[in-house]
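The structure appears right after this line, and notes come after that.
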Amino acid sequence: MLAGKHILLIIGGGIAAFKSLDLIRRLRERGAVVTPVLTLAGEEFVTPLSVSALAGSKLYRDLFDLGDEAEMGHIQLSRVADLVVVAPATADLMAKMAGGLANDLASTLLLATDTPVLIAPAMNVRMWQHAATLRNLATLKADGIAVVGPNEGDMACGEFGPGRMSEPLEIVAAIEARLSDGPLTGRRVLVTSGPTHEPIDPVRYIANRSSGAQGTAIARALSALGAEVVFVTGPADVPPPDGVEVVAVQTAQQMLEAVEAALPADAAVFAAAVADWRVTSASDRKLKKTKDGIPALTFTENPDILRHVSGLKKGRPALVIGFAAETDDVLENATAKRLRKSCDWIVANDVSPGTGIMGGTENAVTLISDTGAEDWPRMDKAAVAKKLAARIAEALG
Ligand code: C5P
């Protein structure tokens with residue numbers, strides 16, 4: 001499936017760069033065209049001649065090379081590929097990417113490109129675990145950059161831990177996944193997930209037991225089918241999937257704003273457990289037991305995001321899917337909810353305490369559409385997500 005695909009491979013300055021030589025071979029074996037870019041630090045680890053010879057291509061090294069610029073300008077170079085791969089992605093390269101710096105050829109290409117990017121981080125374990133790198137990683141993921149690895153194991157520096165670059169074949173698999181033409185390639189899908197937190201004062205809030213597991217699995221399954229996924233998530237227990245655009249919010253109102261900003265989309269899946277009410281006037285200072293006594297909270301209804309999007313006259317996604325977490329009369333309530341919220345499908349589930357569904361790993365759902373109700377057997381949340389993603393692909397055609 002890589003035959004004829006064009007990979008722009010940026011090799012950063014880390015000891016793992018030696019594995020990138022093998023990566024070039026593996027990619028070419030599969031018929032990919034590899035255009036290599038070597039950073040100045042990368043040249044300390046592998047030679048320009050090795051890279052160029054293995055790639056069977058001209059090597060690009062210098063932003064200000066007049067010859068290169070005349071032949072193919074750096075902006076054009078950033079756009080020729082089907083995928084930009086950074087391997088090894090050093091802490092420095094990741095920081096530059098996260099900060100939008102463009103002070104050498106590699107960072108300029110990464111800022112100028114409109115092509116999907118996959119990074120294979122490699123660095124010392126302490127560097128990988130440093131708060132700055134973790135911040136940068138979160139930023140890059142939120143920007144929709146896909147990440148493969150790193151693996152855990154012995155490091156060239158003698159330490160042990162996460163930070164080893166993924167093996168060439170693992171990177172090849174990640175590249176294939178990114179380039180796979182799925183049934184949802186070219187489609188944009190919005191997914192909401194997780195609970196919302198509604199503040200009482202700066203330290204207290206009202207929340208619910210949603211873990212975000214089902215919404216996260218749906219976003220992952222849609223992305224695996226090739227969709228461009230915008231993932232709007234409240235404070236969830238599980239990390240967001242790789243390779244999707246993550247918008248993290250706290251409250252229902254913030255979620256509504258993020259959803260509006262994410263539209264238009266071909267389909268929207270509202271898996272978030274949005275709080276129905278917020279405290280009418282949350283205090284901007286911590287309430288004191290001694291001074292304020294027992295608070296009498298009053299509530300205001302939150303915007304219903306699903307109903308709002310379903311009712312849009314202009315820019316309504318072709319397929320709007322809501323969830324109905326119910327504890328009794330599931331089918332009846334969910335069927336009524338579909339009509340009340342004017343969404344196309346409702347995924348209904350029974351979240352009664354005995355079911356272990358809320359916060360658990362399995363789900364048993366009924367899919368309700370205008371053609372009726374369909375019970376799915378109890379299965380893994382990932383399996384529910386895959387089945388739903390396949391249905392969405394079918395419906396969008
Ligand atoms: O009304 P109820 O909360 O049971 O409806 C559930 C569905 O509506 C879910 O899809 C949920 O994501 C969505 N919803 C929403 N905004 C709200 C409340 C619920 O999008 N304020």
Carbon and sulfur: what percent of segment 1-57's accessible surface (1.4 Å probe)? 59 percent
Where only protein heavy atoms count, and the probe is 1.4 Å, what is the accessible area per residue for segment 6-179 in Å²? 43 Å²
Dimensionless Rg/Rh of segment 208-257 - Kirkwood Rh, Rg from C-alpha atoms: 0.96
Fraction of beta bridges assigned by DSSP in segment 188-395 that are antiparallel (%, nearest 5): 40 percent
Determine how large the accessible area of M358 is when every protein chain is in place; take a 1.4 Å probe and give Å² rounded to the nearest 10. 80 Å²
Using alpha carbon centroids, what distance separates segment 258-299 and segment 144-223, in Å? 26 Å
Excluding ligands, DNA and RNA, the carbon-plus-sulfur percentage of the accessible area of segment 81-127 with a 1.4 Å probe reads 54 percent
In the neighbourhood of S52 defined by beta carbon distances under 11 Å, the net charge of the other residues (Lys, Arg +1; Asp, Glu -1) is +2
How big is segment 61-168 on each of its three principal axes, counting only the C-alpha atoms and giving the largest first in Å? 46, 27, 23
tail above 40 Å in the computed P(r) of the chain, as % of all Cα-Cα pairs, reads 27 percent
How far is the Cα center of segment 23-91 from the Cα center of segment 301-376, in Å? 48 Å
Heavy atoms only, probe 1.4 Å: what % of the accessible area of segment 176-285 goes to carbon and sulfur, would you let me know? 49 percent
Per residue convex hull volume, Cα atoms of segment 144-208, in Å³: 192 Å³
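The values are calculated or read from the model by the stated rules, or taken from the named source; none is laboratory data. Nothing here was measured: the structure is a model prediction, and the numbers come from that model. Ideal geometry is used to build each Cβ from the backbone, glycine not excepted, and the neighbour counts take in all protein chains shown. What goes into the accessible areas is simple: the full protein's heavy atoms, side chains included, and nothing from ligands, DNA or RNA. Shrake-Rupley method; radii C 1.70, N 1.55, O 1.52, S 1.80 Å.
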